[in-house]
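> Take a look at this one; I'll ask things after.
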């Protein structure tokens, strides 16, 4: 055999240092290798970092977290709802019994059903608080009008979720609330009777009504809400978070001096004398 | 790049009258879908005309530069001018292949989407409006209904579907009328928002009788002595002929047509009532086709409900 490799002319690379690397370094490496792999092929890590560490105005405050709180409430509803669907059976003969089974028999069923039931109210309340924050801060103004419209659609869909979900326990409260709700829709001029008949699935309330409401509550409305939430978040990231109306920066005034850097941490102490002129 | 004047202004289109006409056309289409086909065609024409004018206007305002901007003599602007010249030339105003391919792709996509979506949307909407059966319901033999007494009868609209179709009707035998026995059958569905109306007065639960229909489903008959009918939800109240006396209801209680077949009372179908004059077998009933709770049948408000879903069924 003929050695085709050219002889080495430079000294060999010294072996990596034998010093014992710290455990944290190893852990970081173990985490980073798959993340780097993912980033190289999808850019998802950079995108997530951009989303999480994007610039926001310096004077955002706790009221700006209401949107995230609403999103969290929706995720709780989605998660608990999927688990409830393991055991719930739509239909005039089985619905009430399956709800009783979930509440009384299934391990921790009472808890998950309770989370879903009370979480629904939390979701709606947070929707309204978030909307109030946007309204009072004037954050719906140019260029954010479209995001207000998307948020309004989310509010409507959230209320529809409440309406359709209320029937599913199929008890007397659920039944009569739905009768009244459908008939309220029926009083709308011209198209009202048609809307009511569509929601009923016929000219009388029947077993079809509950399966229609179940399908809307389970599939149609959550899908639409999820899609609109993505659009909502995209617009938030694209347009940025608005400053509160009392913001010095937004008003073009010189801003209060930064507080002295104290201990490094996630939260720095609030500036003193911030509103002093 | 230098900021141009107007960059900080919201990019809103200038006010225009065309969107109003476009909206009128769309409204005409929607109303025409319900009321009549020719109105749809008129609506389409209006919408297309005003939509085209609107599109022309907005495209024109988008393509014209702000007037105060003087054209700077830069190379970039020169090429832009050259582009504009070529377009104005007319020689290049042909129908290039890439445009053709673009349009056919979009058109084919639209066709495929339509072919798939139309049956699905139809299946989602139409079953609620078609094939609604109205069977007659057997309410038992006539001797269950003594003359001038009220019975609260709970029956099944469709015995096959079971308990979910349970409904309640108040039945009174008015005695012998002109053409046979006369009955008053008043639905218990409140015409405010559909809650169950109760017979206010003595109720003899210990005399409740359960008989079987011909169809096999149970009939619960309870003697009641109503001074009036009243609704627990929002306080609607009606007299014993179903006329509204208090509360939010918009008309009198609905009634059922009935027929007597082989000595048995049969409930035929529901109809709506504006008001009733007189009592019992002499009652004069202003009857209308069946309408939902909360919907006026007569007067000016009746014009809010020009057509009902069952009107479309032939």
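The numbers here are math on the coordinates, done by the rules we state, and not lab data. In this text, all values refer to a predicted model and were calculated from it rather than measured experimentally. Heads up, the Cβs are rebuilt from the backbone with ideal geometry, glycines too, and the neighbour counts pull from every protein chain shown.
> Translational D (Stokes-Einstein, µm²/s) of the range B:243-284 at 10 °C and 1.306 mPa s when Rh comes from the Kirkwood sum over C-alpha pairs?
On the way: Rh = 12.0 Å.
Diffusion coefficient, whole number: 132 µm²/s.
> Using Cα-Cα distances under 8 Å and only pairs 6 or more residues apart, what relative contact order does the range B:16-62 have, in percent?
Values: 50 pairs, mean separation 19.7, N = 47.
It rounds to 42 percent for the range B:16-62.
> For residue A:122 and residue A:100, compute 0.36 nm times the residue count separating them, minus their Cα-Cα distance, and round to one decimal in nm.
Details: separation 22, 0.36 × 22 = 7.92 nm, distance 2.33 nm.
Gain in length upon complete extension: 5.6 nm.
> Let me ask you something else. Mind giving me the nanometre distance, one decimal, between the label points for residue B:213 and residue B:130, set 7 Å out from Cα along Cα→Cβ?
2.7
> Give me the one-decimal nm value for the distance between modelled label points at residue B:48 and residue A:246, 7 Å along each residue's Cα-to-Cβ direction.
Here the modelled spin labels are 5.9 nm apart.
> Which three semi-axes in whole Å describe the equivalent ellipsoid of the range B:16-62, each the square root of 5 times a Cα gyration tensor eigenvalue, listed largest first? Write down the numbers at each step before the final one.
Working: eigenvalues 115, 14, 6 Å².
Working through the eigenvalues yields semi-axes of 24, 8, 5 Å.
> Another question, then. Rounded to a whole number of µm²/s, how large is the Stokes-Einstein D of the range A:160-227 at 25 °C and 0.890 mPa s, given Rh as the Kirkwood radius over C-alpha pairs?
On the way: Rh = 12.2 Å.
Rounded, D is 202 µm²/s.
> R0 = 22 Å: FRET efficiency of residue A:254 with residue A:69, Cβ-based, nearest 0.05? Each step should come with its number before you reach the end.
Values: r = 33 Å, r/R0 = 1.50.
Step by step, r from the Cβ atoms, then E = 0.10.
> While we're here: On a full-extension model of 0.36 nm per residue, what is the gain between residue A:155 and residue A:215, subtracting their alpha-carbon distance, rounded to one decimal in nm? Walk me through the numbers on the way to the answer.
On the way: separation 60, 0.36 × 60 = 21.60 nm, distance 1.93 nm.
Here the answer is 19.7 nm.
> Remind me, relative contact order of the range B:246-314 in percent, using alpha carbon pairs under 8 angstrom and six or more residues apart? Kindly include the intermediate steps, with their values, before the conclusion.
Numbers: 88 pairs, mean separation 16.3, N = 69.
Relative contact order here is 24 percent.
> Classify the range B:137-294: rounded, prolate or oblate, from the alpha-carbon gyration tensor (a ≥ b ≥ c, eigenvalue square roots; a/c under 1.5 rounded; otherwise prolate if a/b is larger than b/c)? Display every interim value, and only then the final one.
Values: a/c = 1.43, a/b = 1.24, b/c = 1.15.
It comes out rounded by the Cα gyration axes.
> Along the Cα→Cβ direction, 7 angstrom out, place labels at residue A:44 and residue B:59. What is the inter-label distance in nm?
That separation, rounded to one decimal, is 4.2 nm.
> Just report the Cα centroid separation between the range A:169-227 and the range B:156-207, whole Å.
Using only Cα atoms, the two centres lie 25 Å from each other.
> Can you give the FRET efficiency for residue B:154 and residue B:246, using 1/(1 + (r/R0)^6), R0 = 22 Å, r = Cβ-Cβ distance, to the nearest 0.05? Intermediate results must be reported in sequence, preceding the final value.
On the way: r = 26 Å, r/R0 = 1.17.
Once rounded, the FRET efficiency stands at 0.30.
> In Å, what is the Rg of the alpha-carbon atoms in the range A:61-243, and how long is Dmax?
In Å, with Rg to one decimal and Dmax whole: 18.1, 54.
> Right, next: So, in Å, what gap is there between the alpha-carbon centers of the range A:154-168 and the range A:43-94?
For the range A:154-168 versus the range A:43-94, the Cα centre distance is 17 Å.
> Under 8 Å for C-alpha pairs, at least 6 residues apart: give me the relative contact order for the range B:89-222, rounded to a whole percent. Intermediate values should be presented prior to the final figure.
On the way: 144 pairs, mean separation 26.3, N = 134.
Over the range B:89-222, the number comes to 20 percent.
> Here is a follow-up. Rounded to the nearest 0.05, what FRET efficiency do residue B:104 and residue A:238 have when you use their Cβ-Cβ distance and R0 = 35 Å? Display every interim value, and only then the final one.
On the way: r = 33 Å, r/R0 = 0.94.
After rounding to 0.05, the efficiency reads 0.60.
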